[in-house]
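Student: Mind having a look at this structure? Questions to follow.
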Amino acid sequence: MRMSRRAFLKATGLVGATAIPALEPVSVLAQSEKHGGLLRVSVTFGLSTLNPIMHISGAEWMATKWMYNNLTRLNAKREPVPDLAESWSAADGARVWTFKLRQGVRFHHGRELTADDVVATFTTLLDPKTASPYRGEVGPIDRVETVDKSTVRFTMRAPFSVFPAVVAVPNARIVAREGLADMKALAAREFGTGPFKLKEFVPGDHVTVERFADYFRKAEPYLDGVTLRVFPDPATELTAFKSKEIDLISGVTPDLFSEVGKQPGAEGLAVAGGTFAAVTLPSDKPPFNDSRVREALKLCVDRKLMLAAINSGQGELGVDHPVSSAYAAYSPLPPRAANIDRARQLMKDAGLANGVSVKLYAANSPPIRERIAVVLKEMAQPVGFNFDVEVMAYDRYLAQVWNKGAMYVVYYATRPTADAILMKLYHPKEGLDEGRWAPAHPNAIRLLEQAREIVEPERLRRHYAEFLKISRDEGPYMLPFFTNELNGKWAYVRDYRLSPSSSDMVLDDVWLAADAPKKKA
Amino acid sequence: MMWRSPTLAVGGTILIAVITMSIAAPWIVPYPTTEQHMLDRLKPPGARFVLGTDQYGRDLLSRTLAGARPALGLGLGAVALGLALGVPIGLAAGYVGGRVDDLVMRVVDAMLAFPSLLLALLIITALGASTGHALLAIGVANAPGVARIVRSASLALREAEFVLAARVRGERHLYVMFGEIFPNVLAPVIVEATLRVGFAIMAGASLSFLGLGVQPPTADWGLMIREARQYVFLSPWPLLVPGTALAVTIVAFNLFGDGLRDRLGAT
Amino acid sequence: MTRYALRRLASIALILLLVSVIVFAAVHVLPGNAATLILGEYATPEAVRTLEREMGLDRPLLAQYASWIGSVVTGDWGVSLAMKQPVAAIVAARLRNSAFLALAALTVVVIVGIPLGTLAALRRGRPVDLAIVTATYVGVSIPEFVTGLALLLVLASPSVGWFPTSGYAELTSGVGAWARHLVLPAMTLTIVLLAHIVRQTRSGVADVLAAPYIRAARLKGASTRRIVLRHALRNALLPTITVLALDLGYLMGGIVVVEEVFAYPGMGRLIIYAVQNRDVPLLQMCALVVASVYVLANFAADLAYAWLDPRIRYS
């Protein structure tokens, strides 16, 4: 992967060495020469609010990433590394987390960051009256308090070993306490410490940020500013990119991806992500309450063909659990090929030799949902599954199908931790348990809860591996593949690393080479 | 005979061919319409797939033949619904006249001013996207226009001799409307109806194209074109085959309707 | 005449009121509301309740409608629930885009269609006439999205690349870019609308040419061109204007299919967006604007008709 190579180069101090073949442009310029330029990024959806406590779309997460910081951020391996916190420690079996803040960090409006700001941010995020969509996604926090001017202590109601990674989520950006008083105003103003300050914001259209000279990462950012622009659709976006009106496309669709590489001087970037579409197999009623039937369905699918047909091959095959290689707690399992004979046998054993009819719902947005449904219908036919596919508009899907126990296609983006996505999919209280599987499998659920007590990464990985096996064999989801994160950029954009969660866009150290077009904001 | 008019002849012939194909489709399709051949995706016309394949490797000829039925069904059904709603309203308004006519026509005008896209969208969002609901939406959207035409014709005939004669005879109003006036407005209504079928088919295909009509994986021309859109630069066939079928069918209905109008010397 | 105009305007106002009531009622019949759609799959019952309260969606329906009407009469069209910007600004921008497209299409249709129709009438029954009538006939019978996609395929494919595949460029990016983005959608619409104008002009001119006073003028030696320009066109203008007015109504609200094909940010797609997000303030303004254009265009056509043809008098 491109970025790990760069990370390696940086880490081992080999930046600037000429012994490496010129596969990647290695930055030999002095830091001052990297300064300047406006980076123009595109998205095709979102950007209605800049309030970091409330926002939920990828474009908004990107914008606040540039204007704010979190306590920690995730590196390429999705492990937490220092951001505003320079260190942290756990106590009392991962029930108490203490974060030590960096000194001398300034907000854009001048004041220095203190522990009070962190406490105020989390208090607002957790307040039911704020009604933040992310309130339940930051862990079982009981209270958060200042220990001293630069130390914050979180006390959890239950062990929560993954907390340092969780505070990196977009909705836990640290906001100055003055800004939290007026949540409505926070939609169009910012009170952050990030590398860039807000310059201009037109909801639904674009946001422009400019360099913050007092950023705590000295010498960074190199860019003078960044503009994030919303385009109505991928084709228009690509056209703008081709004519160099855009320097970086943040989410290229798979069918247009090859177009990007064809431009001389442009590159397509692909990284294994954690985003997926999967089919729920409601395990609380026939036919899927029988684990043989679930297994039979999972064996119908030729995952490689499905990935090729639906996502132009841009992805990583899955084995019916949601933890891809983009997660720190990932452990590989052998791939699962289709086996129609065994599937038929399982159906016979389950008493369904004559087949079964089931309704399968799919929202029509994003399009991958209906494609999975249509292809699955065909692949499952020979085994005796007769799926009555109903595709519907997203608004109707939300009101009538979502989380109501039917068989439908779910779609999830990459989460910061395996805990987050696993809990969401399987736990009846912490998540949605859309497969209605938890009541019959309390031991498996206990495995998930116990994981929160394990702090040591290698032990955690082994612990999750057990659950992943159970999910693969008996779980209520048919998950064929994860889609790659795809970006397109011009070669003059340097030191850009594509994250497995593409809205996690770090621009602190990105710079523009001399041959970048000169333009105004 | 009827065939003296070339538009009527050409239009009629094509229509007969389309209708025959739509009826015979289940028996003459070379492949099941939803059968996917993943290794033969987006192929141009060839030996195995006479008109090529789509993005899932489904045979375009089979799907296009099968798509005739929903298209025709929707077109004819929507117009029938429009007539069923619009004719009685128009007859009544034209016959009764006066205040009632004014009021009814005001409502009809409001319905005509109501953006038809929005009307279809609301109906379909409320009830769900399907051929049936698309038919309902298009039929309802057609009704005001039909009502208007029938009302003008009916208004003109109100004072006609045979109508007055019937009233003098003591015939009830309903009979006069449907028994005396209606047969005489039949000609323009039929012409109008035939012309509207073509546009109803077009509207139905447009709704499917927007994702508001027939849903995957059914074979339907508008839906096929919607799905073909993404891959249009990889293979033009998934667009061209159903597109041509759609165009030919609508042209046929329009020709037939125009020919009928000339022949019946109406409107 | 003025009394007629005033009565018409009054009934227009009534029609628009009726439209707004229907829209309001219909949206509230649909499953879900703006709050549930904003929260999407992050919704929890309490989050939804809080958001509804914030947006004023928990008030009784009549109160919501009344407050909306109240602000509209003072000129305040409210704030879009989904986009969080003033509705008027959003609609104005989209309306302007749709207007550009409509005008571009209508201009070409008039410039190309009227001469074509005249030509067809002059050469009536001959191959030229047949060709013109057939071509326009086919043009109006092919659905817009098929025509649009075919044009896209031929003129915007990567190998040809004359025109961008979609979207819209602001005038500020340069007139060239703006124009290039308009060409394909405008061409699609032109092809669809040509038939109307050509047919009207053709039959109008043909009728005039057959009139006795024209024959008399011809016998006196007046040139065909003079006859056509002085008399035929003037009289053919009448029905042409009616058709143009109807087309304008169609263009401003109904070309969503063309907008969809070319990802053109016009009124059609905005209406779809508003319904999908149950964005009542936005939807209301959209519906009323489109309906207004339609009724006002009709009204203008009727007035123009009366002005051009002294025989018509409204009481």
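Student: Within the stretch A:383-413, which residues are more than 12 Å from chain C (Cβ to nearest Cβ), among the hydrophobic types (A, V, I, L, M, F, W, C) and in contact with a Leu (Cβ under 8 Å, 6 or more places away or on another chain)?
Tutor: Correct list: A:Val383, A:Phe385, A:Phe387, A:Val389, A:Met407, A:Val409.
Student: Any residue in the stretch C:12-26 that's more than 7 Å from chain B (Cβ to nearest Cβ): show its pairings with residues that are surrounded by fewer than 18 Cβ atoms within 10 Å (Cβ to Cβ) and of a type in the set (Phe, Trp, Tyr) at Cβ separation under 7 Å, as long as the two are six or more apart or on different chains.
Tutor: Listed pairs, sorted by first residue: C:Ile12/C:Phe299.
Student: Kindly evaluate B:Gly170 against the criterion of being among the small types (Gly, Ala, Ser), farther than 30 Å from C:Ile12 by Cβ and in contact (Cβ under 8 Å) with a residue 24 or more places away in the chain.
Tutor: No; evaluated as a whole, the condition is false for this residue.
Student: Kindly list, by first and then second residue, each pair from a residue in the stretch B:11-36 that is within 14 Å of chain A (Cβ to nearest Cβ) and touching a residue at least 24 places away in the same chain (Cβ under 8 Å) to a residue that is among the hydroxyl-bearing types (Ser, Thr, Tyr) and surrounded by 15 or more Cβ atoms within 10 Å (Cβ to Cβ), limited to pairs with Cβ atoms under 7 Å and residues at least 6 apart or on different chains.
Tutor: Partner pairs satisfying both residue conditions: B:Tyr31/B:Ser62; B:Thr33/B:Ser62.
Student: Within the group B:Glu227, B:Glu192, which residue is under 12 Å from B:Gln55 (Cα atoms) and acidic (Asp, Glu)?
Tutor: Being under 12 Å from B:Gln55 (Cα atoms) and acidic (Asp, Glu) holds for just one of B:Glu227, B:Glu192, which is B:Glu227.
So that you can scan it fast, the table gives a plain yes or no per residue for (1) under 26 Å from C:Asn277 (Cα atoms); (2) more than 14 Å from chain A (Cβ to nearest Cβ); (3) surrounded by 18 or more Cβ atoms within 10 Å (Cβ to Cβ):
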residue: C:Pro86; (1), (2), (3): yes, no, no
residue: C:Asn97; (1), (2), (3): yes, no, yes
residue: C:Leu101; (1), (2), (3): yes, yes, yes
residue: C:Val109; (1), (2), (3): no, yes, yes
residue: C:Ile114; (1), (2), (3): no, yes, yes
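Student: Being modelled with pLDDT of 85 or more and within 14 Å of chain A (Cβ to nearest Cβ) narrows it down to one residue among C:Gly32, C:Gly70, C:Gly78; which is it?
Tutor: Residue meeting the stated conditions: C:Gly32.
Student: Name every residue in the stretch B:126-155 that is over 17 Å from the mean Cα position of the chain (by Cα) and touching a residue at least 24 places away in the same chain (Cβ under 8 Å), in order of residue number.
Tutor: Of everything in the stretch B:126-155, those that are over 17 Å from the mean Cα position of the chain (by Cα) and touching a residue at least 24 places away in the same chain (Cβ under 8 Å) turn out to be B:Ala129, B:Arg148, B:Ile149, B:Val150, B:Arg151, B:Ser152, B:Ala153, B:Ser154, B:Leu155.
Student: Looking only at the stretch A:179-212, filter to residues that are within 14 Å of chain C (Cβ to nearest Cβ) and among the hydrophobic types (A, V, I, L, M, F, W, C); which one of those is surrounded by the fewest Cβ atoms within 10 Å (Cβ to Cβ)?
Tutor: A:Ala185
Student: A:Met478: farther than 25 Å from A:Ser57 by Cβ and buried (at least 19 other Cβ atoms within 10 Å of the Cβ), yes or no?
Tutor: Criteria met by A:Met478.
Student: Follow-up. How many residues does the stretch C:43-69 contain that are surrounded by fewer than 16 Cβ atoms within 10 Å (Cβ to Cβ) and either under 20 Å from A:His55 (Cβ atoms) or of a type in the set (D, E, K, R) (or both)?
Tutor: The number of residues fulfilling the criteria is 7.
Student: Scan the stretch C:84-104 and tell me whether some residue there is under 30 Å from C:Arg225 (Cα atoms) and within 23 Å of the chain's Cα centre (by Cα).
Tutor: The answer is yes; a qualifying residue exists.
Student: For the stretch B:87-104, does any single residue satisfy the condition of being modelled with pLDDT under 85 and within 13 Å of chain C (Cβ to nearest Cβ)?
Tutor: yes
Student: In the set A:Leu256, A:Leu299, A:Leu281, A:Leu307, which member is of a type outside the set (Lys, Arg) and free of Cβ contacts under 8 Å to residues at least 24 places away in the same chain?
Tutor: So the residue among A:Leu256, A:Leu299, A:Leu281, A:Leu307 that is of a type outside the set (Lys, Arg) and free of Cβ contacts under 8 Å to residues at least 24 places away in the same chain is A:Leu256.
Student: Okay, moving on. Residues C:Pro239, C:Pro310, C:Pro281: which one is surrounded by 16 or more Cβ atoms within 10 Å (Cβ to Cβ), over 14 Å from the mean Cα position of the chain (by Cα) and modelled with pLDDT under 80?
Tutor: C:Pro239
Student: Report, ordered by the first and then the second residue, all pairs with beta carbons closer than 8 Å, sequence separation of six or more or different chains, a first member in the stretch B:46-59 that is away from chain A (no Cβ under 13 Å), and a second member that is outside any loop (DSSP other than H, G, I, E, B) and modelled with pLDDT under 90.
Tutor: Once the first residue is away from chain A (no Cβ under 13 Å) and sits in the stretch B:46-59, its partners that are outside any loop (DSSP other than H, G, I, E, B) and modelled with pLDDT under 90 give B:Arg48/B:Asp40; B:Phe49/B:Asp40.
Student: Same structure again: Can we say A:Gln345 is free of Cβ contacts under 8 Å to residues at least 40 places away in the same chain, surrounded by fewer than 19 Cβ atoms within 10 Å (Cβ to Cβ) and within 14 Å of chain B (Cβ to nearest Cβ)?
Tutor: When the stated conditions are applied, A:Gln345 does not pass them.
Student: Let me ask something additional. Taking the stretch B:203-229 as the search range and keeping residues that are small (Gly, Ala, Ser), more than 10 Å from chain A (Cβ to nearest Cβ) and in contact (Cβ under 8 Å) with a residue 24 or more places away in the chain, which one is farthest from B:Gly139 (Cα to Cα)?
Tutor: Here the residue is B:Ala228.
Student: Turning to a different aspect of this structure: Any residue at all in the stretch A:213-224 that is modelled with pLDDT of 90 or more, within 25 Å of A:Glu267 (Cβ to Cβ), more than 9 Å from chain C (Cβ to nearest Cβ) and surrounded by fewer than 20 Cβ atoms within 10 Å (Cβ to Cβ)?
Tutor: Within the stretch A:213-224, one or more residues are modelled with pLDDT of 90 or more, within 25 Å of A:Glu267 (Cβ to Cβ), more than 9 Å from chain C (Cβ to nearest Cβ) and surrounded by fewer than 20 Cβ atoms within 10 Å (Cβ to Cβ).
Student: Then there is this: Please find, within the stretch B:246-267, the residue that is nearest to the other protein chains (Cβ to nearest Cβ) out of those that are buried (at least 23 other Cβ atoms within 10 Å of the Cβ) and closer than 18 Å to B:Leu207 by Cα.
Tutor: B:Ile250
Student: Output the number of residues of the stretch B:68-90 satisfying the condition of being buried (at least 23 other Cβ atoms within 10 Å of the Cβ) and not small (Gly, Ala, Ser).
Tutor: Of the residues in the stretch B:68-90, 4 are buried (at least 23 other Cβ atoms within 10 Å of the Cβ) and not small (Gly, Ala, Ser).
Student: Shifting gears a bit: Hey, any hits in the stretch A:138-146 for a residue that's under 20 Å from A:Asp419 (Cα atoms), assigned to a helix (DSSP H, G or I) and not β-branched (Val, Ile, Thr)?
Tutor: Looking through the stretch A:138-146, none of the residues is under 20 Å from A:Asp419 (Cα atoms), assigned to a helix (DSSP H, G or I) and not β-branched (Val, Ile, Thr).
Conditions (1) among the charged types (D, E, K, R); (2) within 14 Å of another protein chain (Cβ to nearest Cβ); (3) in a helix (DSSP H, G or I); (4) touching a helix residue (DSSP H, G or I) at 6+ places or on another chain (Cβ under 7 Å), marked per residue:
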{"site": "C:Glu46", "(1), (2), (3), (4)": "yes, yes, yes, no"}
{"site": "C:Ile90", "(1), (2), (3), (4)": "no, yes, yes, yes"}
{"site": "C:Leu106", "(1), (2), (3), (4)": "no, no, yes, yes"}
{"site": "C:Gly139", "(1), (2), (3), (4)": "no, yes, yes, yes"}
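Student: Would it be correct to say that A:Leu507 is at pLDDT 90 or above, assigned to a helix (DSSP H, G or I) and of a type in the set (A, V, I, L, M, F, W, C)?
Tutor: So A:Leu507 does not fit the description; no.
Student: Among the candidates A:Ala338, A:Ala380, which residue alone is away from chain C (no Cβ under 14 Å) and in a loop (DSSP other than H, G, I, E, B)?
Tutor: That would be A:Ala338, the only listed residue that is away from chain C (no Cβ under 14 Å) and in a loop (DSSP other than H, G, I, E, B).
The values are calculated or read from the model by the stated rules, or taken from the named source; none is laboratory data. Because the structure is a prediction, the values reported are computed rather than measured. Positions of Cβ are generated from backbone atoms using ideal geometry, with glycine treated the same way; all protein chains shown enter the neighbour counts.
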